[in-house]
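Data first, discussion second: the structure below is written as structure tokens.
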Amino acid sequence: MADVFTIGLGHNSPEIRKNANFDFISFWNEQAKNLSWFSPWTTTLDWNPPFARWFVDGTINASYNTLDIHQAIKSEKTAIFWEGEDGTSRKITYGYLFAEVQKFSNVLKSLGVKKGDRVTIYLPMVPEIVIAMLGCARIGAIHTVVFSGFSATSIQDRINDSKSKIVITADGGYRRGKIIKLKQTIDDAINGLDFVEHVIVLERTKTPIHLTSKDKLWNDVMKNVSSICTAEPLPSDHPLFILYTSGTTGKPKGVLHGTGGYLTHLFSTFKWAFDIKDSDVFFCTADIGWVTGHSYVVYAPLLHGATQIMYEGAPDFPDASRIWNILQKYGVTIFYTTPTALRMFMKFGDDIPNSFELSSLRLLGTVGEPINPEVWKWYFKIIGKKQCPIIDTWWQTETGGMLISPLPGLETIPLKPGSGTLPIPGVDISVVDEFGKDVPANTKGYLVIKNPWPGMLLTLWGDDEKYKTVYWSKYKNSYYPGDYALKDEDGYLWLLGRADDVLKIAGHRIGTAELESCMVSNDDVAESAVCGIPDDVKGEAIIAFVVLKNDVTTTTVDLEKQLITKIRNDVGAIASPKQIYFVSKLPKTRSGKIMRRLLKSIANNEKIGDVSTLEDGTAVTEIQNVFDDIQKTIQKKSI
Ligand code: ATP
Ligand code: MG
């Protein structure tokens, strides 16, 4: 029996859910009216499976909806409190952002950028990344942001795939006190890519750079340019951006998102999930290079005219108290982060967050991976002081915005640690078997989405066939996200990890999240990851990797026994790991996801493959060391 916590924010509007589930098209039709349109749509949804066009014939602009509409009353309001890794800070108002974005749009125009052209953005977490994105959106250019930790090869692949004629970068970026030479990486990346016409370089670190004939400095181009540029009315399905997925399961996919549907989805989910108010100080820790940064740092908060924090650096730099320091300094009211970050904070111990004043918090959220119930409870108790609802939000780059989450801004429902609760209104989600048949309650299966939703991707960039195969071929007329899940007796959804990672032990299917959560519930365990290796008897045997908390005194021999007993009791004897390896770190993507696929390759003695497309440049070496460490541990064990 799962624990249940009911913490509401005073909202209860059951009719919204009822209406939405009765007729999702009319429901989204009403939601879209929250945005400013230049001309209305004639058809709410044109569904030509698997291609959806929302708000057909309507014209809209994302930059207009995030900036122009706020100028009358909010031009002095802070849009972004920017906190540099080095402790410097900047305050960016809606008025300033408006002027800078228009200037930047004019710069792009003067460089020949036209509607539909692609612009690659390779910038650190500085306000200029927002200016660049909205500057593109204003004139209908398609931005493609690439995480600033990626190596030259990874960025080259993405520039080449999107055929961007402009690249925007910086001389360098800070990461853990070190300077990452971004411009140098771009020089290598665009070598041979003749279609790249210009590179705009922001001077962030004042690192010496080599300027070529293609290069222009940000400050120079922004100097004598007009701060007036009218937002272009664009068709609702005009592409707003291409964003490559995290690449946790393989080669990243170029996800293409539209405008009107995407913005409608974000406007509504931000209100329902975060209960956003004018007085809130919102802080999402995601890097803008990932979808969470696009949707819930750039577009959703700005659509609402909210105030938010943008932090440049690593969450534990210069020390483990950095994030709590920021929360206290700005009086953050809503905090949104990842289970991985939370497990790291937990590993550092309770004393650190306990020594900060965090009483301004009223709502907490997570995204990116299943959250272990133990970590959920820690977040609830130590950070939220049992006063804040926690929203565990499930979604993907492809979905554009949240699809499963508690919605305290809409209704008060019991929360169960580890469950994302219910789909958002208007979205029909089932858990099915291999044949697409709904499985009974409390039975594991595959998550499917049964009707289109407004934030849904348009397609994969330049590859409609791949779009059809990856998401729409496993089940007829349902979107297949590739996640493993179960629905409990209350209809609550529990995400159990990726379908690709499911372990098949003696005919039983076990999700990675179930086992990992079981291990993390041990007081000494900070993190864990499991994967399978072939086994003559069981078909597959389980290998577990465990990272311990900082102050552990129990021996690993005792811990191994405790963990095995716990798994036998909670999951079943069948799920007992064949081997448990205690390691200091787990390999992760920079968006914070554990790369089980790579652990599996190691455990199976296979080639790891190209990690540079998965990892940021600086972490590649670190990851390689983790692998070597694990290999050594394995070898030591087998001697
Ligand atoms: P790729 O598709 O290239 O392998 P990726 O799936 O890691 O990369 P994202 O779109 O960033 O790229 O991640 C979406 C995935 O993250 C989901 O499919 C799911 O597996 C996981 N996820 C996100 N949020 C949650 C959550 N709240 N609970 C469980 N899993 C989650
Ligand atoms: Mg994915």
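Could you state, as a whole-number percent, how many of the C-alpha pairs of the range 438-577 are farther apart than 23 Å? Intermediate results must be reported in sequence, preceding the final value.
Values: 4600 of 9730 pairs.
Result: 47 percent of Cα pairs exceed 23 Å.
Per residue, what volume in Å³ does the convex hull of the Cα atoms of the range 126-188 enclose?
On the way: hull volume 5.1 nm³, N = 63.
Per residue, the Cα convex hull of the range 126-188 comes to 81 Å³.
Please report, in whole Å, how far the alpha carbons of the range 58-188 spread along each principal axis, starting with the longest.
Projected onto the principal axes, the Cα atoms of the range 58-188 cover 44, 39, 24 Å.
Determine the equivalent ellipsoid of the range 551-598 by diagonalising the alpha-carbon gyration tensor, then write out the semi-axes as square roots of 5 times the eigenvalues, largest first, rounded to whole Å. If you can, show how the numbers build up before the last one.
Working: eigenvalues 109, 54, 17 Å².
In descending order the semi-axes read 23, 16, 9 Å.
Once phi is turned into ³J(HN,Hα) by the Karplus curve 6.51 cos²θ - 1.76 cosθ + 1.60 with θ = phi - 60°, what whole-Hz value does each residue of the range 301-312 show in order, with x for glycine and proline?
Each residue's phi maps through the Karplus curve to give x, 6, 4, 8, x, 7, 9, 9, 9, 10, 10, 6 Hz.
Amide H to amide H under 5 Å from Ile168: which residues, 5+ apart in sequence or cross-chain, H placed 1.01 Å off N in plane?
It is Thr120, Ile121, Tyr122, Ile200, by chain and number.
Tell me, what ³J(HN,Hα) does each residue in the range 432-440 have, in order and in whole Hz, if you take phi through Karplus 6.51 cos²θ - 1.76 cosθ + 1.60 with θ = phi - 60° and put x for Gly and Pro?
Coupling constants for the range 432-440: 10, 8, 3, 9, x, 8, 4, 8, x Hz.
Determine, for each peptide in 157-165, 74-82, 367-375, the mean count of other beta carbons within 10 angstrom over its residues, then list the peptides with the highest first. Display every interim value, and only then the final one.
Working: 157-165: 20.6, 74-82: 18.6, 367-375: 24.3.
Peptide ranking by packing, descending: 367-375, 157-165, 74-82.
Under a straight-distance cross-link criterion of Cα-Cα below 13 Å, which aspartates and glutamates are reachable from Lys329, leaving out those fewer than 8 residues away in the same chain?
By straight Cα distance, Lys329 reaches Glu83, Glu357.
If you count only protein heavy atoms with a 1.4 Å probe, what accessible area per residue comes out for the chain, rounded to a whole Å²? Write down the numbers at each step before the final one.
Numbers: 23700 Å² over 639 residues.
About 37 Å² of surface per residue is accessible.
Can you list the DSSP H helices in the chain whose Cα atoms extend at least 18 Å along the helix axis and whose mean Kyte-Doolittle hydropathy is 0.5 or higher?
Details: long enough: 94-110 (24 Å, 0.03); 127-139 (19 Å, 1.50); 260-274 (21 Å, 0.37); 556-570 (20 Å, -0.69); 617-638 (32 Å, -0.59).
Helices meeting the span and hydropathy rule in the chain are 127-139.
Give me the one-decimal nm value for the distance between modelled label points at Ile533 and Thr554, 7 Å along each residue's Cα-to-Cβ direction.
Taking the two extended label points, one gets 2.4 nm.
Grab the DSSP H runs of the chain that are 4 residues or longer, score each as -39,500 (n - 2.57), total them, divide by all residues and round the 222 nm result to the nearest 500 deg cm²/dmol. Mind dumping the intermediate values first?
On the way: 20 runs with 191 residues, N = 639.
Helices in the chain give a 222 nm mean residue ellipticity of -8500 deg cm²/dmol.
Pull up all non-local amide H partners of Gln579: gap of 5 or more, or a different chain, and H-to-H distance under 5 Å with H placed in the peptide plane.
Ala544
Kirkwood Rh over Cα pairs of the chain into Stokes-Einstein at 10 °C, 1.306 mPa s: D in µm²/s? Could you put the intermediate results ahead of the total?
Details: Rh = 25.1 Å.
Here the translational diffusion coefficient equals 63 µm²/s.
Summing Lys, Arg as +1 and Asp, Glu as -1, what charge do residues with Cβ under 14 Å from the Cβ of Thr553 carry, Thr553 excluded? Present the calculation step by step, with values, prior to reporting the outcome.
Details: positive: Lys549; negative: Asp523, Asp524, Asp551, Asp558.
Taking every Cβ under 14 Å from that of Thr553, the sum is -3.
Please list, by residue number, every one of the trypsin sites (Lys or Arg not before Pro) in the range 404-475 that is coil in DSSP and has at most 16 other beta-carbon atoms within 10 Å. Please list the in-between numbers first.
Numbers: sites: Lys437, Lys444, Lys450, Lys466, Lys468, Lys474; in loops: Lys437, Lys450, Lys474.
Hits after loop and neighbour filter: Lys437, Lys450.
Which percent of the accessible area of the chain is formed by carbon and sulfur heavy atoms (probe 1.4 angstrom)? Intermediate values should be presented prior to the final figure.
Working: 11820 of 23700 Å².
Ligands and nucleic acids excluded, carbon and sulfur give 50 percent.
Net charge around Met402, counting only other residues with Cβ within less than 13 Å of its Cβ (Lys, Arg = +1; Asp, Glu = -1)? Could you put the intermediate results ahead of the total?
Numbers: positive: Lys271; negative: Asp392, Glu398.
Residues close to Met402 contribute a combined charge of -1.
The values are calculated or read from the model by the stated rules, or taken from the named source; none is laboratory data. Only a predicted model underlies this, so the values are computations on that prediction, with no experimental measurement involved. Quick reminder, even Gly has a Cβ in these numbers, built from the backbone with ideal geometry, and neighbours come from all protein chains shown. Keep in mind that these areas ignore ligands, DNA and RNA; they rest on the heavy atoms of the full protein, side chains included. Shrake-Rupley method; radii C 1.70, N 1.55, O 1.52, S 1.80 Å.
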